[in-house]
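Right, one structure below, let's go through it.
The values are calculated or read from the model by the stated rules, or taken from the named source; none is laboratory data. Quantities reported herein were computed from a predicted structural model and do not represent experimental measurements. Every residue, glycine as well, gets a Cβ built from its backbone with ideal geometry; the counts of neighbours run over all protein chains shown. The accessibility values were calculated without ligands, DNA or RNA, using every heavy atom of the protein model including side chains. Shrake-Rupley method; radii C 1.70, N 1.55, O 1.52, S 1.80 Å.
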Amino acid sequence: MTHWRLHPSLWLGLGAGLFFALLALVSLVWTPFPIEEINIGRRFQGPGPVHWLGTDHLGRDMTSLIMAGTFTSFLVSALAVAIGAGIGVPLGLLAASWGGVPEWLVLRFSDFLFAFPAIIVAILITALFGPGAINAVLAIGIFNIPVFARVARGGALSFKTLDFIAAARLAGMGNGEIAFRHLLPNIMSLVIVQGTIQLSLGILAEAGLSYVGLGTQPPATSLGLMLRDAQGVFLIHPWLSVLPGLSIVAIVIALNLAGDGLRDAIDPRLRAESGTYGAA
Amino acid sequence: MALLEVDNLSVRFGKRPVVAGVSFAIERGERFGIIGESGSGKTLTAMAITGLLPDGARQEGDIRLDGEPLPRAEKPMARLRGKRFGIVFQEPMTALNPLMRVGEQIAEAVRLNQGPQAGVPQLLQEVGLDPAHARRFPHQLSGGQRQRVMIAMALASQPDMLIADEPTSALDLITQKRVLDLIAEICTRRQMALLFISHDLKAVAALCSRVAVMHDGKLIEAGPADAVFRTPQADYTRRLIAASKLASAGPARRPDGETLLEARGLVRDYRHNGFWRWQEKPLRAVDGVSFSLSRGECVALVGPSGCGKTTLARIIAGLDSASGGELVFEGETYHGRDLPRGQRRDLSLVFQDPFGSFNPRQTIAQSVGEPLRLLPDLSPMDRHQRVVEAVAAVGLDAGMLERYPHEFSGGQRQRLAIARALVTRPKLVVLDEPVSALDVSVRGEVLALLARLREEYGLSYLCISHDLDMVRAIADRILVMEAGRIVEEGTPETLFAQPQHRLTRELVAARLPDVA
């Protein structure tokens with residue numbers, strides 16, 4: 001197989017994304033130091049043999065913090081994608097296969113959600129339930145719903161006009177069954193690509209929410225929270241902000257590369273090996 | 001010296017050659033035709049000549065114009081292409097810019113050419129369009145008119161050679177004849193060479209003096225049109241010519257006179273969606289259609305594109321509902337979508353496009369067995385047995401059932417679509433252009449299959465088509481439809497011998513003569 005050579009960005013992105021995901025998972029069972037361990041005496045150490053990436057203003061080990069923070073970011077973002085896809089895709093399919101009033105309702109509902117940026121939703125939820133990682137998940141998840149609804153509807157509409165849908169109707173299938181049996185499997189690839197991209201957007205959003213204090217709360221940590229903690233000492237100890245910042249950038253780029261690569265790999269027009277070209 | 005010489009041309013994608021060692025030459029003013037089925041490499045040959053090969057294609061061999069090799073660089077090639085070649089594509093809707101008036105598009109083609117200038121009105125007149133059409137947008141023109149605009153654009157640069165790639169395959173029969181006549185007339189008047197690419201032997205025979213036959217990327221046979229069509233040398237050419245003559249299916253079971261389906265005054269209106277909907281006059285696609293179909297009969301519905309025949313088929317099959325009138329099927333009255341579930345198993349539809357009619361993510365067994373949902377009493381074993389029987393009946397192997405649609409050719413898919421239509425053992429099958437998306441060489445096979453199945457299972461067909469030759473081969477009775485109405489009815493013999501209505505006469509006259 002020469003597929004990986006056709007889509008280098010896919011494999012680069014997937015590789016880097018998986019590396020960070022693995023790092024995050026390892027933090028569940030092992031970190032070099034416990035992240036709650038505060039030791040003012042050893043604060044602001046640079047990278048060294050004991051603390052590989054140094055320590056922060058409370059003397060916590062930066063390696064451990066980055067690992068745990070990455071885990072939080074991934075978890076929040078993945079749960080938000082699950083909420084968005086779990087609600088948005090059925091809504092999109094409903095809109096596409098029923099049309100008429102349900103479609104109008106779904107579209108206006110997603111317009112309504114689109115009108116509120118994630119940060120406003122987060123502030124609203126925080127005002128009601130208090131800040132925390134769970135509320136960040138909800139806020140980003142709600143923000144994801146219309147995105148998935150539109151992708152699902154658009155994809156489903158392009159398949160809906162094909163004859164196999166008419167054939168299913170002739171075979172006595174109802175709208176729901178057609179959506180589930182015929183449309184969903186065909187739009188799954190689109191949803192997966194969008195999921196990868198929303199995962200990276202979610203990580204950015206989580207960092208933003210934690211940065212303004214609406215997301216993850218100490219003693220738990222996330223990459224955004226680390227940025228917030230380090231901003232006061234940025235001029236004296238820039239390393240403490242650069243490190244979580246670079247991690248966010250690397251994760252987001254990796255996931256975007258993976259998403260773009262997946263899109264290319266799935267797009268039948270770019271499938272070079274088996275297709276017939278321009279044959280009339 | 002020849003105008004265009006193609007010497008040992010090869011085109012490959014990766015390691016797979018799609019055009020292999022093709023050589024031919026076209027003299028000034030000569031009309032040269034390339035015949036080939038889908039995947040034969042004929043379109044890629046034309047693209048290589050015009051320097052329009054898609055990314056990823058590698059070209060080998062020489063192409064010379066007036067003895068000079070074509071430039072490989074993009075810019076000089078684009079200039080040469082604009083000046084020396086006029087190109088007409090297959091699909092006239094996508095080849096024109098939908099946001100520009102056609103006059104501006106022709107004027108642009110004129111402006112890009114630095115040679116002697118021709119005016120837009122003259123060009124439009126030359127292709128037989130009223131100069132007033134210059135103010136229109138592409139969507140306001142019919143398919144044939146758009147193709148004329150394409151030809152006018154191709155003529156703007158006063159080219160030495162017109163390259164036409166399937167220019168008429170998206171058009172109906174009457175328009176096809178007119179466009180072919182127009183191309184012939186212009187080539188004669190301008191002393192222009194023609195490279196005509198088509199799968200349609202009759203169109204090539206009507207237009208070209210010399211032809212080449214391509215198959216699997218290779219040039220199999222070339223020579224004067226008469227010689228190739230009368231005394232074909234290669235086996236493949238012989239098969240192609242035989243397939244283009246659709247033999248009548250022979251004596252079918254005579255219909256026993258009992259009425260199976262009856263339509264009474266069917267009407268279908270489409271309303272445009274819009275804010276001012278009460279102001280719009282509805283578009284009437286089907287306008288008071290009445291006919292009846294007996295058990296065991298094959299009735300064909302013929303008409304130009306847009307005459308409402310597909311809408312009618314969808315209403316009869318229960319995919320759309322009539323706005324007025326009613327249908328009676330086996331004594332049961334319905335209006336379209338309200339076709340009772342118990343009757344659906346007795347009525348099925350074969351779709352036109354074999355590529356869109358199967359879910360790419362389902363196996364053939366799942367797709368073919370889908371209509372069996374209408375027979376809930378069947379056990380899983382019986383179900384499987386039915387699918388195997390249906391697939392065997394269309395001449396395919398039951399071992400193929402676990403494969404996916406993309407592994408099958410167009411002809412095989414159409415057989416599978418027929419198998420799906422037969423799996424519930426229906427009494428009436430509606431065939432919507434059953435062979436028009438297929439290659440010439442498999443059309444005959446599919447029609448023979450349909451005739452055999454009709455014999456074996458005592459089926460009735462309602463066949464929708466624009467192709468009179470196809471219809472003549474299978475139908476017992478023909479209905480001619482225009483603008484939503486049935487304008488003439490008769491057996492194939494009487495209709496072809498004494499067409500009464502203007503449209504029927506035009507349709508009969510537009511048939512291209514048989515080759516050889």
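Note on the range B:433-458: residues that are open to solvent by less than 30 Å² (accessible area, probe 1.4 Å) and farther than 14 Å from B:Ile474 by Cα total 3. Taking B:Gly67, is it under 25 Å from B:Glu5 (Cα atoms), touching a strand residue (DSSP E or B) at 6+ places or on another chain (Cβ under 8 Å) and surrounded by fewer than 15 Cβ atoms within 10 Å (Cβ to Cβ)? When the stated conditions are applied, B:Gly67 passes them. Among the residues of the range B:11-35, those identified as within 14 Å of chain A (Cβ to nearest Cβ) and either part of a loop (DSSP other than H, G, I, E, B) or open to solvent by 10 Å² or more (accessible area, probe 1.4 Å) (or both) are B:Arg12, B:Phe13, B:Gly14, B:Lys15, B:Arg16, B:Pro17, B:Val18. Is the range B:334-345 home to any residue that is within 9 Å of chain A (Cβ to nearest Cβ), hydrophobic (A, V, I, L, M, F, W, C) and open to solvent by less than 70 Å² (accessible area, probe 1.4 Å)? No; the residues of the range B:334-345 include none that is within 9 Å of chain A (Cβ to nearest Cβ), hydrophobic (A, V, I, L, M, F, W, C) and open to solvent by less than 70 Å² (accessible area, probe 1.4 Å). If you go through the range B:321-333 and pick out every residue that is of a type outside the set (Gly, Ala, Ser), in contact with a helix residue (DSSP H, G or I) (Cβ under 8 Å, 6 or more places away or on another chain), surrounded by fewer than 19 Cβ atoms within 10 Å (Cβ to Cβ) and touching a residue at least 12 places away in the same chain (Cβ under 8 Å), you end up with 1. With respect to being surrounded by 19 or more Cβ atoms within 10 Å (Cβ to Cβ) and part of a helix (DSSP H, G or I), B:Ile87 falls outside the description.
Residue count for the range B:189-230 satisfying the condition of being over 19 Å from B:Met161 (Cα atoms), within 14 Å of chain A (Cβ to nearest Cβ) and assigned to a strand (DSSP E or B): 2.
For the range B:36-64, filtering for residues that are in a helix (DSSP H, G or I) and exposed (fewer than 14 other Cβ atoms within 10 Å of the Cβ) leaves 0.
Only a single item in (1) part of a helix (DSSP H, G or I); (2) buried (at least 16 other Cβ atoms within 10 Å of the Cβ); (3) in contact (Cβ under 8 Å) with a residue 40 or more places away in the chain is not met by A:Ile35, and it is number (1).
Checking the range B:99-118 against the condition returns no match, with no residue being open to solvent by 50 Å² or more (accessible area, probe 1.4 Å), more than 20 Å from B:Val179 (Cβ to Cβ), modelled with pLDDT of 85 or more and of a type in the set (S, T, N, Q). The condition of being among the small types (Gly, Ala, Ser), open to solvent by less than 30 Å² (accessible area, probe 1.4 Å) and closer than 30 Å to A:Ile266 by Cβ holds for only one of A:Gly17, A:Gly69, A:Gly54, A:Gly86, that being A:Gly17. Applying a threshold of 8 Å to beta carbon distances and a minimum spacing of six or more residues, or different chains, the list of pairs starting in the range A:156-178 at a residue that is facing chain B (nearest Cβ under 7 Å) and ending at one that is open to solvent by 40 Å² or more (accessible area, probe 1.4 Å) and assigned to a loop (DSSP other than H, G, I, E, B) reads A:Asp163/B:Gln352; A:Asp163/B:Asp353. If you take just the helices (runs of 4 or more DSSP H) that sit entirely in the range A:180-270, which of them hold at least 2 residues that are acidic (Asp, Glu)? Correct list: A:239-266. Looking across the range B:52-80, the residues that are within 14 Å of chain A (Cβ to nearest Cβ) and closer than 24 Å to B:Leu112 by Cβ come down to B:Leu52, B:Leu53, B:Pro54, B:Asp55. Of the listed requirements (1) in a loop (DSSP other than H, G, I, E, B); (2) at pLDDT 90 or above, A:Arg150 misses just one: (1). Going by the structure shown, is A:Ala136 within 15 Å of A:Gly213 (Cβ to Cβ) and touching a Leu at 6+ places or on another chain (Cβ under 8 Å)? It is true that A:Ala136 is within 15 Å of A:Gly213 (Cβ to Cβ) and touching a Leu at 6+ places or on another chain (Cβ under 8 Å).
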